[in-house]
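Following: one structure in structure tokens, then a few remarks.
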Amino acid sequence: MKNVFTLFRQFTIQLPLIGALLCGNFACEESVLEPKPVDRITDDLVLKDVGSAFNVVNGLYRNFANLSAINIIAGDMSADNLRHNGTFTQYIEIGTFNMSASNGSASALWGTMYGMMFTVNFLIEGLPQLDDIPESLLNEFLATARFFRAYGYFAGVNTYGDLPLVTSTDVEANSEIPRTPANEVLQFVEEDLLFALNKLPTDPDNSGMLSNGAVKALLARYYLYRQDWTKAEQYASEIINGQNTANYNLESNFVDVLSDFSDESILEVVYSANDNPGTSTNFGLNNLFESRREIIPRNEIIFELQSNGGSRSQMIEFDAALAVGNDNGWTVTRYGPFDNVQVIRLAEIYLIRAEARAQQNKLQGGLSDLNRIRNRAGVPALNLDNKNRLLTAIEEERRVELAFEGHRWYDLKRTNRDDAVMSAVTSNWTVKNKLWPVPQREISNNPALAGDQNPGY
Amino acid sequence: MKHLLPLVFVFAFLSTLHAQQRAVTGRVTSAEDGTPLIGVTVLIKGKSVGAITDLDGKYQINLAPQDEALIFSFVGYLSQEIPVNNRPVINVALEEDIKTLTEVVITGYQTKEKKNITGSIVSVATEKFAEMPLMGVDQALQGQASGVQVVQSSGTPGGGIMVRIRGNSSISGSNRPLFILDGIPIEDGALSSRSFGGQQDNALATLNPNDIQSIEVLKDASAKAMYGSRAANGVVVITTKRGSTDKTKINFRMQAGMIEPVDKLDLLNSTELLDLFQEAVVNQNPENNPEIAGVKGVTDLVNTDWIDAVSRTAYLQEYQLSAQGGSNMTKFYVSGSYRDEEGVIHNNQFTRFTGTATLDHNASEKLRFGLNLSAARTLNKRIKGDNFLDGVYSGALQSLPWFSPYDEGGGLIAPGDVGYAGFPNFNPLAQAIEPRFDTHTTKLVAGIFAEYEPLSNLVFKTKFSIDDNQVQEDQFEPSTTAIGGFLESVGGQGYGIYSTSEFATLMNTTTAAYNYSINKDHQLSFLAGFEMLQRTSRSSNVQGILFPSDDFTYLTSAGLVFSGSSFKVNSGLVSFFSEVNYRLKDKYLFTLNARYDGSSRFGRDKRYGFFPAFSLGWRVSEEPFLQNNRIIEELKLRASFGYTGNERIGNFQFLEAWASSTAYNNLPTVVPVNLANTELQWESTAELNVGFDLSLYQGRLSVTTDVYHMETSKLLFGVTLPLTTGFGSIQGNIGKVTNRGIELGINARVIETPLTWDLNLNVSVNRNKVKEMATDEPIFSGYQTSTNSTHIVTPGQALGTFWGLKFLGVDPATGDAIYDDFNNDGQITEEDGQIIGNAQPDFAGGLTSTFNFKGLDLTVFFQYSYGNQIINFTNSNLLNSGQSIETNQVRKALDRWQKPGDITDVPRYELDNTFNNRFSSRFVEDASYLRLKTLTLGYTLPKGFVDRYKLSNARIYVSASNLFTLSDYSGVDPEVNTFDGSTASQGMDFFTLPPVKMLLVGINIGL
């Protein structure tokens, strides 16, 4: 039928007046039927040279940003730090330990994580094909991609347990992918992190970008979770000593930790006014915690911060006018409107080393790491010579120091303390609260996941 | 004497002559109003001799003895043959010709005589809606045409209206029909890009319905096929008034009236609500302190009726002045109008200026040209609503009665003041009054055409048209509002937005029409055309915060302009179309038509589509065996089959794509947004239609019936993907939906004289069914619930099916809700979701009854819908069993379970208990209704009276709309939808402002 158009064009060329009227005003077939999109580009153009690759790599930070905020909800609200205070079902369900498989937060974290995996895998497949890419840059880009893949799967496996391990951009294969046992996913995470090691800059522009310190820090956290105490201590020490990393220092005032790009920040998510947290759907923390107060601190953490927090109690505030009905009147105020979100900072590294050392019975070293954090917060130093008591003290310290940074639930689970602690908090605590549900839409749309829901859902 | 003889002879002759000739005189009047008819032809039967009535309608005629009867005929009136029977005076009252089958119908590219039409087309003439207080032309179709469903989404002036022709055929593409105004497709949905929580604007509200001559709804494949790829949802062809060859008529019309909410939701007062909340708190844990802290003292003093606080009696006024006339050479119509309609919510107002002109000129016998021009400017002062936490009506329904809109000094309570409700209720009155949400729309529809007729049966026509819509949104929320003041992360110190958008369609249509008659028995006509269309949309917006004070309300004063964008997108169509009509002996009618469309919305491989249709008509009444039948005036059987398409899926869906996202750490980013599907193509609808048009007793009773079966396949569909792919969905062409239905339209003149009573009834029955989908997995839409979502799309069910738990009642022992354990696993989980209702009516339509008596007339218009259901989602907040204690509750909450043994259908109240408030059939209600839509009483002043003042006509009327509605629905009104225009998520009432009732007076004066 294109012949008809050809004929028609010939016809209009022979009759200049009609031709001018029809094609002059509208231009002809191609321009009418093949307009160019102004706001998007296609796969073949998005990764065509080094310059374009920067944009795709930077795009990964967007997924990372979205993931970090919801990871905080998961880590603090699934345990005894935060609870719901609004009408949104998804938060009421988390706050009452009664999540359903269609919970919006469960699919948001899952979807954000796998959205990130698509770009990671797209880069891993596409970057080596670029003609003009220098070896070092290729390695840096690949290290960035694989770090984020590790970060995503690590968060995912801790939240959902066994995970579909997506390692390609093949849409068909990824639509029918079964879950891989958590242990294998974790080995994969380790491989990615070890690949990324020593390929990223030691001292990037700011801690909003990946660095070798961030890789080591995530390795330290990884080995802590894996209870490989030696390696956890080793990587923590390398960061504290500045071995092939930037020079991180504990802030002397805890309040300064909450500001952007503090001296102890190893990795943080950068927000700016452009992110408009009030209207974006990606869990603007300030909006949830302060403006709308959908989520407020639990009485348990308020008590901890009041009695054992020292300067860290500045993360929350009380307003008597708000204490209506079931509302305790407290607000998490640590996230200002456009504040960055801390992902890994030096205080956590000290606490990782304290715990790793205590587990290896290096009690003095462990205690000294712990007391560095306590000193900074202005609470009295401890003097303990019992491994178990030291470990308990570290658990409590992590709770207050890292409150509202998404650690509590994961900490309780990895130390198998979740049942003991949470049963005292709520009668709703059951085996199902150890993991978030695989989103119902995944079970429904992926035949390989049919019937493979987490226990209790 | 010899001179006398001839004289005598002459006298004798004359007297003989006198004896044989009779003079008959009389007066011809209109049967309708008794006014004299001037220029009526009075013919002697069997002769070509006659007379014409004079200015008083009088005539005189001489008859020969053998003359038996006179025939009176006049354009637009039924001819009458009256036997003389030696009477000297014969007065006749002629009746207007209401035979519909001789009307002409505009089918878009052509004008045809209705008797020759073989497709299913329903016409709504201007008289049907001229006196209704309509905002837009889409409302004119409500209840007037079988097969057309019109639902007004809310009571907001200038708001969204859902129009469906023969049901819903698409799941994710648009189901709105194609609206054609004077040949060009015009914007029909929302123009505004800003969200108002479901309260959309409506492009059709920018046109003045009183500039419209007629609306034709093209329903079957034969009628629609000329619009090919865009026609699957039906086509609405709108024709602007044009001039006439008569002397210039000047017409003035005005309407003025008042508007009130139809009804008000019955909410609890402070004392009742506080008791209920305390019960909920104690039920959660007996050790809880039942004191609702910080409130008790206030409660004794304050009991605000928030609905009254935000609403008002509103006023409507409309004026129009028009002139219509011309000569044999030139015809014109010009008109200007002004309309100002307030909303019943404070600060809500829609103002419109329109100007319209049409011109037709015959330059020579062979060359004609003309134009149509409609321009409008509207100002829509909007308010947020529905699913917006800071909406006004939604806020008023939810707000706790112990808060007050005003402080002791009479000022509006603002964020930071003592007594400000804060999140989530704010101060709804301030939310209405304080912000500026002005949407300015300028619309221009223009067309110029030339027609050249080189031979008497060959016509070339070309027309250039434009539909241009400019929208400017000027918004500011000061620090006294939720966004501008309370939510610091969002606005803090004021929040301003300015956005502009333009939607322009440019089009050229060129046609050639040729008529050919071999002889009287074989008549052929051909039409072929070429059309090129380009739509451009451009938009931009900037947003700013941190204003120095509320005295600065424009972005030029914003401390931080944090967001801005500009955007442009083009789409286009290139098409050929053709139609062949063949009439055999004026009895057997054949039509073959087709369109070949190329669309920019599909990839290179699937860009072109072919849409043919074929139809047959048989005018049975022309057959010899019915020629002498006195009952049947006209009977035509029709049948058609053909294909049409739907391309409305948005642009570039076939491309894989990456888009820019917000910069990270001041670095630009791109992220994937769409998966490619180069095979993406049109939805295709095959449609079979069989019907008949029957006219009996000289047109006093006419019946039109159609039966149809439509099957839409290759549905444009966002196929859900597991998120493990990195994407939520991919556009595909999968699935089938069918619509089957019966339509019946009856027009009857029940009583003729002296009182005339006309009755018009239409009934539409449509059965919609999803036949196939991409996978067996259903698609969920609507609002999220514990069983996934409120709506489901699944094979075997209609679109608009509700999904949730089945509520079986309240356990008298515990007060907990009992739900159906659908999968029998002993627990209530998301797996127990099931179908719990549907928004589709069993049947729907309208009934209009018009009485005329000596210039007095009464029109009663009922509209009805039966068998449809609605989700009262409002009650998931306002009858929430204590899930939260942040919102007021409806009176039914007082029926809650309180102690063992209570028999009720309202579960007990317990704070934080989500189980009893899970979405279930408890919130699904019957939404059948019968509504007295309009009642109009008018008086047309007598001819003699208006003549004295040199007027051609004068008329005064009062009209009321939405006077009463019979319905079992416990919400305010069943005719609302939060998801304005949605297909899958119909029948949802979530804090939606109900329709309003209006009472108005109107005057028409013609010069």
Study note, to complete from the structure: Going from the fewest other Cβ atoms within 10 Å to the most, one would list B:H346, A:H84 as B:H346, A:H84
Study note, to complete from the structure: Rounded to the nearest 10, the angle in degrees between the Cα long axis of helix B:270-284 and the longest principal axis of the Cα atoms of chain B comes to 50 degrees
Check your understanding: Put a dot 7 Å past each Cα toward the Cβ at A:T392 and B:T25; how far apart are the dots in nm?
Key -> 12.6 nm
Review point. Between A:Q129 and B:S566, what FRET efficiency follows from the Cβ-Cβ distance if R0 is 35 Å, with the result rounded to 0.05?
Key: 0.55
**Study point:** Cβ neighbours within 10 Å from other chains - mean over A:54-63
**Key:** 6
Revision key, fill the gap. In the neighbourhood of B:L444 defined by beta carbon distances under 9 Å, the net charge of the other residues (Lys, Arg +1; Asp, Glu -1) is -1
Point to revise | For segment A:95-245, alpha-carbon Rg over 2.2 N^0.38 Å | key: 1.12
Revision key, fill the gap. Descending packing, highest mean Cβ count within 10 Å first, for A:164-175, B:181-192 is B:181-192, A:164-175
Review point. Between B:L389, B:V418, B:F403, whose Cα lies farthest towards the positive end of the dipole of segment B:359-457 when Lys and Arg beta carbons carry +1 and Asp and Glu beta carbons carry -1, centred on the Cα centre?
Key: B:L389
**Study point:** Eligible lysines near B:K224 by straight Cα distance, threshold 21 Å, same-chain separation 8 or greater
**Key:** B:K112, B:K114, B:K115, B:K461, B:K463, B:K636, B:K714, B:K736
Check your understanding: P(r) tail for segment B:155-265, what percent of Cα pairs lie past 24 Å?
Key -> 42 percent
Revision key, fill the gap. Binned at 10 Å from zero, the C-alpha pair distances of segment B:363-443 give percents of 16, 34, 18, 11, 7, 6, 5, 3, 0
Check your understanding: Roughly what % of DSSP beta bridges within the protein assembly as shown run antiparallel, to the nearest 5?
Key -> 95 percent
Revision key, fill the gap. When B:V124, B:V392, A:V431, B:V793 are ranked with the fewest other C-beta atoms within 10 Å first, the list becomes A:V431, B:V124, B:V793, B:V392
Study note, to complete from the structure: Across B:779-786, the residue-averaged tally of Cβ atoms belonging to other chains within 10 Å stands at 3
Check your understanding: Which value in nm describes the separation of the simple spin-label points at B:A512 and B:N628, placed 7 Å from the Cα toward the beta carbon?
Key -> 4.9 nm
Check your understanding: So for segment B:38-138, what are the equivalent ellipsoid semi-axes in whole Å, largest first, each being the square root of 5 times an eigenvalue of the Cα gyration tensor?
Key -> 39, 17, 11
Revision key, fill the gap. At R0 = 30 Å the Cβ-Cβ FRET efficiency linking A:F303 and B:V418, nearest 0.05, sits at 0.50
**Study point:** Other protein chain Cβ atoms within 10 Å, averaged over every residue that makes up A:284-297
**Key:** 3
Point to revise | Whole-Å semi-axes of chain B's equivalent ellipsoid (Cα gyration tensor) | key: 58, 34, 29
Review point. In square nanometres, what is the average projected area of the Cα convex hull of segment B:424-546?
Key: 12.9 nm²
Study note, to complete from the structure: The Rg/Rh figure for the protein assembly as shown, Cα atoms and Kirkwood Rh, to two decimals is 1.05
Revision key, fill the gap. Going from the fewest other Cβ atoms within 10 Å to the most, one would list A:M209, A:M116, A:M77, B:M329 as B:M329, A:M209, A:M77, A:M116
Revision key, fill the gap. Chain B: relative contact order from alpha carbon pairs under 8 Å, six or more residues apart, as a whole percent, is 11 percent
Point to revise | CD proxy at 222 nm, helix term only [per DSSP H run n ≥ 4: -39500 (n - 2.57); per residue of the protein assembly as shown; nearest 500] | key: -6000 deg cm²/dmol
Exercise for review: Could you work out, for segment A:4-449, what percent of all Cα-Cα pairs fall into each 10 Å distance bin, beginning at 0 Å and stopping at the bin that holds the largest distance?
Suggested key: 4, 19, 29, 24, 11, 5, 3, 3, 1, 0, 0
Exercise for review: Output the peptides A:433-439, B:240-246, B:518-524 sorted from most to least packed, where packing is the average of other Cβ atoms within 10 Å over each peptide's residues.
Suggested key: A:433-439, B:240-246, B:518-524
Review point. If you take the alpha carbon radius of gyration of segment B:646-790 and divide it by 2.2 N^0.38 Å, what ratio comes out, to two decimals?
Key: 1.70
Check your understanding: Going highest first, how would you order B:540-547, B:822-829 by mean Cβ packing within 10 Å?
Key -> B:540-547, B:822-829
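Every number here is computed from the coordinates shown, using simple stated rules; none is lab data. Since the structure is predicted, the reported quantities are computational estimates derived from the model, not experimental observations. Ideal geometry is used to build each Cβ from the backbone, glycine not excepted, and the neighbour counts take in all protein chains shown.
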